[in-house]
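The structure under discussion appears below in the form of structure tokens.
Coordinate-derived values only; no laboratory data. This is a predicted model, so every value here is computed, not measured. Ideal geometry is used to build each Cβ from the backbone, glycine not excepted, and the neighbour counts take in all protein chains shown.
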Amino acid sequence: MKPLIAGNWKMNGLASSVSEIETLVERLNGSAPEDRDVLICPPMTLVASLAAQFSDEAIQIGGQDCHSSGAHTGDVSAEMLADAGAAYIIVGHSERRADHGESDALVKAKAEAALRAGLTPIICVGELEADRKAGRAQDVVGAQLEGSLPETDDDFVIAYEPVWAIGTGLTPTIADIEEMHAFIRSKTRNNVRILYGGSVKPGNAKEILAVANVNGALVGGASLKADDFFPIVMAAPVN
Ligand code: 13P
């Protein structure tokens, strides 16, 4: 399976940030990048311009969220993101589940909208620290998968992001990552890519990306600078 290394810029990125992607693409072009998929998900305001500028390059551009359809002031549909040149959409990120009260059913509707628009959804799941401490991590992630995955054979990606590992510098042990990814694999098809996310950095990417059933990474803070993101991209083992 071709690894996918995806950068989630969250609410970061201005027109001036394009220089980081130019640097990233320059480095990728010198490094046989076709054996891995590289994705940047900038804020909505940059999707169209970055997709236009980098459409023939070694990276793809994605959205961080979408709405399904209808009259929703301020929201953006999957179809609009496809029209703007996006290839993927992150749905159900824990920040949206927490800040916007997004339910599993809504995440599933968004994933299905992305598929209808011809985009690949990256469906995020992950437990809170209290869940892990109480031994409930698999129960929580299992319920999220059950409620959030689209009922289709189309191509989608799952991102396991333990909430307590996001932006904290903390990561689960390698054994815990392996166990959770094996559990997620048991709940989905063999050809679905399962990404790990949560404090992935140049210093830990190689070890994490080598774990069985880890088919790539969803990277937050370390995706903002080419100097950090490029070594993470290159740390993915290729079969
Ligand atoms: P960090 O890599 O900054 O921990 O963020 C992870 C994340 O939330 C990616 O979606």
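Data table
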| quantity | calculated |
| --- | --- |
| Relative contact order, percent, the range 81-239 [alpha-carbon distance under 8 Å, six or more residues apart] | 18 |
| Net +/- balance of residues flanking residue 68 in space, Cβ distance below 13 Å, scoring K and R +1, D and E -1 | -2 |
| Mean Kyte hydropathy of 1.6 or more with a Cα span along the axis of at least 30 Å, helices from DSSP in the chain | none |
| Amide H within-cut-off set for residue 200, under 5 Å, with H built and near neighbours excluded | 220 |
| Chain lengthening between residue 207 and residue 56 when straightened (0.36 nm per residue, less Cα-Cα) | 51.3 nm |
| Candidates 161, 151, 178: whichever shows maximal mean-square fluctuation once the chain is modelled as a Gaussian network with Cα springs under 10 Å | 151 |
| The chain pair-distance distribution - Cα-Cα, 10 Å bins, rounded % | 8, 35, 39, 17, 1 |
| For residue 63, residues with placed amide H under 5 Å, excluding near neighbours | 87, 88, 89, 90 |
| The range 74-120, relative contact order [Cα under 8 Å, separation at least 6], % | 56 |
| Surrounding net charge for residue 118, when Lys and Arg each add one and Asp and Glu each subtract one, Cβ distance under 13 Å | -4 |
| Dipole of the range 8-67 [Lys/Arg +1, Asp/Glu -1 at C-beta], most positive-end residue of 24, 48, 13 | 13 |
| Cβ-derived FRET efficiency at R0 30 Å, residue 11 paired with residue 186, nearest 0.05 | 0.30 |
| Magnitude of the charge dipole, the chain, Cβ model with Lys/Arg +1 and Asp/Glu -1, debye to 20 | 360 |
| Sorted by Cβ density within 10 Å, fewest first, the residues 93, 181 | 181, 93 |
| For the range 47-101, size of Cβ-based charge dipole, Lys and Arg +1, Asp and Glu -1, in debye | 160 |
| The range 109-157 versus the range 200-239: alpha-carbon centroid distance in Å | 21 |
| Check: the range 1-71 dipole with +1 on Lys, Arg Cβ and -1 on Asp, Glu Cβ, in debye | 220 |
| Estimated FRET transfer efficiency when R0 is 22 angstrom, pair residue 48-residue 98 (beta carbons, to 0.05) | 0.20 |
| Placed amide H near residue 187: partners under 5 Å, 5+ positions off or other chain | none |
| Qualifying lysines (Cα of each under 28 Å from Cα of residue 225; at least 8 residues distant if same chain) | 2, 10, 201, 206 |
| Viscosity 0.692 mPa s, 37 °C: Kirkwood-radius Stokes-Einstein D of the range 167-237 over Cα pairs, µm²/s | 266 |
| At R0 = 30 Å, FRET efficiency that the Cβ-Cβ distance of residue 35 and residue 130 yields, to 0.05 | 0.15 |
